[in-house]
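Asks: Sharing a structure here in structure tokens format.
The values are calculated or read from the model by the stated rules, or taken from the named source; none is laboratory data. This structure is a prediction, so every number in the text was calculated from the model and none was measured. Just so you know, the surface numbers come from the protein's heavy atoms only, side chains and all, with ligands and any DNA or RNA stripped out. Shrake-Rupley method; radii C 1.70, N 1.55, O 1.52, S 1.80 Å.
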Amino acid sequence: MPEAESPEFAGRVICAMANDPNLNKMTSKIINAADYAQKHGIKDIDNRTIPSYRQVNSAMKLVLPKQLHF
């Protein structure tokens, strides 16, 4: 799928997290890779910014009928 994130994207996020001096602030939290990447300027190998599912969900709520919201 050309619009999907590459496996390297996850690796970039993991490397950035491993080197993040504030990693202890994320303890016991669920971290979305796309959210973390956007916050820290991490892009995929083709220089794309990967959208967060939270952003996609919010956008879908604007166009979908209420009974289809997830």
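Asks: With every protein chain left in place and a probe of 1.4 Å, what is the accessible surface of MET26, to the nearest 10 Å²?
Replies: Spelled out: MET26, probe radius 1.4 Å, area about 40 Å².
Asks: Quote the accessible area belonging to LYS29 in square angstrom, nearest 10, computed with a 1.4 Å probe and with ligands, DNA and RNA left uncounted.
Replies: Answer for LYS29: close to 130 Å² accessible.
Asks: Please give the length that would be gained between LEU64 and ASP46 if that part of the chain were fully extended, namely 0.36 nm times their separation in residues minus their C-alpha to C-alpha distance (nm, one decimal). Could the numbers behind the result be given before it?
Replies: Details: separation 18, 0.36 × 18 = 6.48 nm, distance 3.03 nm.
Between LEU64 and ASP46, full extension yields 3.5 nm more.
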